[in-house]
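Enquirer: Okay, handing you the structure first.
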Amino acid sequence: MSYALLLNQSIKGRAFIRTAIYLPSVTSSVAISLIFIYLYNNGGAINAFLSIFHIHGPDWLNDPSTALPAIMIMNIYTTAPTFMILFLAALQGLPATVYEAARIDGAGGFTLFRTMTLPLLRPTMFLVVAVGTIGSFQTFDQVAVMTQGGPLNATVTPVWAIYDTAFKQYHYGLGASMASDPVRDHPGGHPDPTPLYRRHRTVLRRNAMATISSRMPGATTSPDRQPPSWLTKVAIIYILLLVFSFIALAPFVYAVLSSFKTPDKVLEYPPSFIPNPWTFSNFSDLFNKGGSDVHFARWLFNSLFYGVAVAALNLFFSSMAAVRAGPAAVSRARHSGSSSRWRLMMIPGEINWISVYIILNHFGPFNLIDTYWAVILPLAAQPFSVFLLTQFLKGLPVEIEEAATIDGASKFPHLLANHDSSSQTGHGCRRHPQLQGAWNAFVQPLLYLNSSTKFPLTVGLNFFNGQYSSHTNLILAGAMFNTIPMVIIFFIFQRYFIQGAATSGLGGR
């Protein structure tokens with residue numbers, strides 16, 4: 001929330017700062033895990049930083065008492081920017097006219113925040129807590145890359161236990177039973193929370209306005225505390241944003257610089273921040289070194305192919321499903337089918353691992369395991385994509401569809417032909433997460449692929465780390481290849497992503 005409140009101000013350089021803070025969430029879980037393995041090393045940067053304060057850092061990932069907290073810290077570091085986007089989307093959706101009326105009546109900044117902003121953000125807070133809690137129970141990638149459940153089972157999570165039982169010990173029945181346990185106590189009749197958000201927002205807005213009106217300073221009351229000067233406020237905002245940006249960028253900048261170090265310098269203690277000497281051979285060695293099962297160029301191509309194919313198929317199928325209702329139909333039957341979509345979104349993905357594996361293994365006369373289709377098909381139609389576009393269509397004026405229908409346009413061509421700024425926002429909001437998710441996909445390729453030539457970059461990096469863990473300089477260079485493309489894409493399209501999130505219900509509104 002602090003990130004969002006600061007970035008919601010009209011300041012220069014906001015796009016760069018927003019990209020810097022969001023960088024941990026753009027990066028794949030595999031790349032960030034490999035970076036933190038390097039940072040958590042017994043002689044790594046974190047322990048070197050603690051030694052400045054005369055604190056002897058532990059062996060983070062090899063000590064049962066610190067391994068799980070180390071993964072938790074990394075998860076908080078990577079998920080906080082995602083929640084920032086949700087809060088930022090909610091803040092940009094708050095009614096500006098209500099705030100203007102309150103300021104005219106004399107309400108100060110703190111009064112507005114306490115009596116209006118916080119109550120109106122309560123649905124988003126509920127959404128963040130719910131998503132964060134669900135995500136913590138589904139932690140898998142970090143455990144698979146960093147500790148594999150160790151040491152002494154200190155980092156075993158429910159999802160890792162399912163994977164280990166079903167796909168490493170080959171007890172598929174027991175694994176399927178373990179996967180169904182988390183949802184046995186989850187009743188299938190939960191109502192769609194979207195109407196609750198809408199009603200809750202209306203009540204909160206009325207209560208907030210009533211509170212503001214009752215506390216407005218009149219002629220006989222003392223005035224509200226004066227806000228700090230404009231320069232002081234801007235200075236404080238920039239200082240806080242620079243601190244947050246430094247925290248977000250420091251691990252990546254250090255990892256980027258370390259990828260230019262020679263093998264004997266990358267693990268030296270105390271670590272040096274600037275490479276001496278600089279070497280560019282690490283990036284070229286990725287394509288030349290390794291055994292016959294290391295195909296770095298092919299892994300890059302596979303990641304790009306999976307990302308484009310999954311994003312295109314999700315755009316096609318989600319558009320077909322969402323336009324089936326359209327803004328006019330949604331306005332007439334607003335709750336129709338929404339509860340089903342929410343139930344599908346709430347089903348943990350690990351429940352489907354074994355069933356999808358069996359289906360792919362016996363896909364009619366074909367065996368799709370260890371093929372490109374094994375990764376593309378399970379990701380080709382996501383309930384979240386349909387929900388996102390449907391929520392966006394709810395915000396479109398019904399008159400647009402009615403006028404197009406009168407002119408003889410059918411629903412699907414009408415959707416494709418609507419290239420105004422709002423439709424670009426909706427499609428941009430949907431394309432970027434799907435492309436990012438497919439590029440960073442790890443679980444599906446790990447489960448359904450066996451040949452190293454078909455691995456995406458995420459699984460390839462994990463495989464390379466397992467086979468050549470001593471080549472830290474090459475591992476860090478590979479992590480940069482996985483990170484930089486998504487950073488560039490988010491920096492270019494972040495405006496559409498934020499606007500789309502604000503208009504599609506991602507902020508819990």
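Enquirer: From the list Pro182, Pro191, pick out the single residue that is over 30 Å from Leu449 (Cα atoms) and either at pLDDT below 85 or in a helix (DSSP H, G or I) (or both). Give the steps one after another, and end with the answer.
Expert: On the way: Pro182 fails: over 30 Å from Leu449 (Cα atoms).
Only one candidate qualifies: Pro191.
Enquirer: Take the conditions modelled with pLDDT of 65 or more and touching a Gly at 6+ places or on another chain (Cβ under 8 Å) and apply them to Leu449. Does it pass? Reasoning before the result, please.
Expert: Details: modelled with pLDDT of 65 or more: yes; touching a Gly at 6+ places or on another chain (Cβ under 8 Å): no.
Spelling it out, it is not the case that Leu449 is modelled with pLDDT of 65 or more and touching a Gly at 6+ places or on another chain (Cβ under 8 Å).
Enquirer: Here is a follow-up. With the structure loaded, tell me whether Ser51 is hydroxyl-bearing (Ser, Thr, Tyr), within 16 Å of Thr155 (Cα to Cα) and either without any contact (Cβ under 8 Å) to a residue 60 or more places away in the chain or part of a helix (DSSP H, G or I) (or both) or whether it fails that test.
Expert: no
Enquirer: Can you name every residue in region 113-156 that is free of Cβ contacts under 8 Å to residues at least 24 places away in the same chain and open to solvent by less than 20 Å² (accessible area, probe 1.4 Å)?
Expert: Gly149 - this is the single residue of region 113-156 that is free of Cβ contacts under 8 Å to residues at least 24 places away in the same chain and open to solvent by less than 20 Å² (accessible area, probe 1.4 Å).
Enquirer: Can you work out which of the residues in region 238-294 that are crowded, with 18+ Cβ neighbours inside 10 Å and among the hydroxyl-bearing types (Ser, Thr, Tyr) is nearest to Arg18 (Cα to Cα)?
Expert: Checking each candidate, the answer is Ser245.
Enquirer: Also, I was wondering about something else. How many of the residues making up region 103-141 are of a type outside the set (Val, Ile, Thr) and under 22 Å from Asn8 (Cα atoms)?
Expert: Selection size over region 103-141: 19.
Enquirer: Still on this structure, I have one more. Scan region 6-23 for residues that are among the hydrophobic types (A, V, I, L, M, F, W, C), under 18 Å from Ile236 (Cα atoms) and touching a helix residue (DSSP H, G or I) at 6+ places or on another chain (Cβ under 6 Å) and jot them down.
Expert: Result: Leu6, Leu7, Ile17, Ile21.
Enquirer: Given the options Leu50, Leu112, Leu152, name the one that is under 24 Å from Leu446 (Cα atoms) and over 28 Å from the mean Cα position of the chain (by Cα).
Expert: Leu152
The values are calculated or read from the model by the stated rules, or taken from the named source; none is laboratory data. Please read all numbers here as calculations on a predicted model, not as lab measurements. Cβ sites come from the backbone with ideal geometry, for glycine too, and all protein chains shown count toward neighbours. To get the accessible areas, we keep the full protein, side chains included, count just its heavy atoms, and leave off ligands, DNA and RNA. Shrake-Rupley method; radii C 1.70, N 1.55, O 1.52, S 1.80 Å.
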